[in-house]
Amino acid sequence: MTIRRLTITDMTPVTGIAYYEPSADAILDGLDGKIHIPIGSMPIPLLPEDHSALGASSPGYDAVGRGIYQLLRANPDAVGSSNYASLLQQAYPHYLSELASHIVMLDQKDVEVTYLDRKINYLKIFALIEPENAQFPFEIGKTLLDKGLRLSALHLSTVSLYRAADFLEKARQFDPQHLPARNTLGEVYYLLGKYDKALSCWSGIISEIDKVEAEKLEARLKKIEAGEFPRIPVVDYLEAVAVAMSLFEAGQYEESAAIYQDIIDDAAFCQQFPLPELYYYLALCCKNMAMPKYAEEYLQEALTINPAYGEARAALDQLY
């Protein structure tokens with residue numbers, strides 16, 4: 001079977017990338033002859049300034065590396081990414097070391113959602129290089145779960161959690177005994193309201209995990225078996241919080257408060273997910289509706305859940 005050579009029209013448009021179409025017999029040379037790799041099977045991504053400087057010449061080793069590195073970080077799902085990742089591994093290992101350092105740094109910080117997206121892209125590059133390594137889809141799924149629970153990205157919770165489930169299932173396919181993947185996937189399925197799947201993931205792992213986590217999981221399993229879980233899937237509450245926050249920003253305090261009140265009325269949800277932010281934002285709604293007594297009660301509840309909640313403490317001090 002003849003494999004069709006890709007052309008520029010086949011490639012994924014990526015901001016900050018201009019494609020160069022090499023000759024079929026093009027060779028990438030570099031590092032004083034240590035690198036000698038055929039690159040004529042598909043277009044090469046370049047930075048616009050490197051593309052503009054080409055003239056009649058072919059791109060050099062450094063220009064090819066800069067372009068591939070930029071494309072993979074921007075869109076590791078682009079057409080040809082697996083080939084580009086392989087080329088990065090063969091010819092530019094220093095870029096992989098840089099990516100690994102960035103991932104470690106992001107793991108050590110409480111970063112914004114945009115940085116989580118960046119981490120996901122970096123992990124995808126390593127997954128392209130080692131496509132059957134369960135650790136990479138596990139780390140991607142775990143990061144997507146983190147993203148799905150962030151206040152600033154709750155409007156994307158459903159999408160993030162379903163994507164997390166896909167990657168975690170892939171990790172289990174590569175390594176069925178990957179305990180962290182099973183445990184995290186169970187959490188994702190629970191949040192999505194897929195309780196049977198959550199039970200299947202969590203079955204038999206209690207004796208294998210940390211004692212504190214095991215106690216929490218055992219309590220949750222008992223509640224599932226007794227039919228004691230939130231009225232609607234947790235992910236729907238997360239999306240509802242995003243709507244309530246949007247209404248608050250628009251000055252529609254009554255409508256926002258009604259959503260928060262409906263959420264905290266679900267005792268099963270609040271018991272399993274004690275979120276002080278719900279009471280804090282409900283208190284702000286009450287304050288804006290000239291209901292300081294209720295605002296005070298909700299701020300006190302937020303501080304009961306998290307005594308170190310600085311915003312709630314400040315709002316309570318400024319209430320009257």
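The values are calculated or read from the model by the stated rules, or taken from the named source; none is laboratory data. As the structure is a computational prediction, the values presented were derived from the model and not from experiment. Methodologically, a virtual Cβ is constructed for each residue, glycine included, from the backbone with ideal geometry; neighbour enumeration extends over all protein chains shown. Heads up: the accessible areas ignore ligands, DNA and RNA and are worked out on the full protein's heavy atoms, side chains in. Shrake-Rupley method; radii C 1.70, N 1.55, O 1.52, S 1.80 Å.
Here are the numbers for the structure shown:
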item	result
Any hit, region 227-237, residues being closer than 30 Å to H178 by Cβ, part of a helix (DSSP H, G or I) and open to solvent by 40 Å² or more (accessible area, probe 1.4 Å)	yes
Hits in region 130-157 - residues which are open to solvent by 50 Å² or more (accessible area, probe 1.4 Å) and small (G, A, S)	S152
Filter result for the condition that a residue is open to solvent by 40 Å² or more (accessible area, probe 1.4 Å) and on the phi < 0 side of the Ramachandran plot, over Y162, Y95	Y162
Qualifying residue in region 111-129 (condition: surrounded by 19 or more Cβ atoms within 10 Å (Cβ to Cβ) and not in a helix (DSSP H, G or I))	no
The one condition in (1) out of contact with any Gly (no Cβ under 7 Å at 6 or more places or on another chain); (2) open to solvent by less than 40 Å² (accessible area, probe 1.4 Å) that A26 fails to fulfil	(1)
Residues being open to solvent by 60 Å² or more (accessible area, probe 1.4 Å), within 21 Å of T9 (Cα to Cα) and either touching a His at 6+ places or on another chain (Cβ under 7 Å) or not in a helix (DSSP H, G or I) (or both) - total across region 39-54	1
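So that you can scan it fast, the table gives a plain yes or no per residue for (1) within 29 Å of L161 (Cα to Cα); (2) part of a helix (DSSP H, G or I); (3) without any contact (Cβ under 8 Å) to a residue 24 or more places away in the chain:
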site: H36; (1), (2), (3): no, no, yes
site: P59; (1), (2), (3): no, no, no
site: R66; (1), (2), (3): no, yes, yes
site: Y95; (1), (2), (3): no, yes, no
site: E98; (1), (2), (3): yes, yes, yes
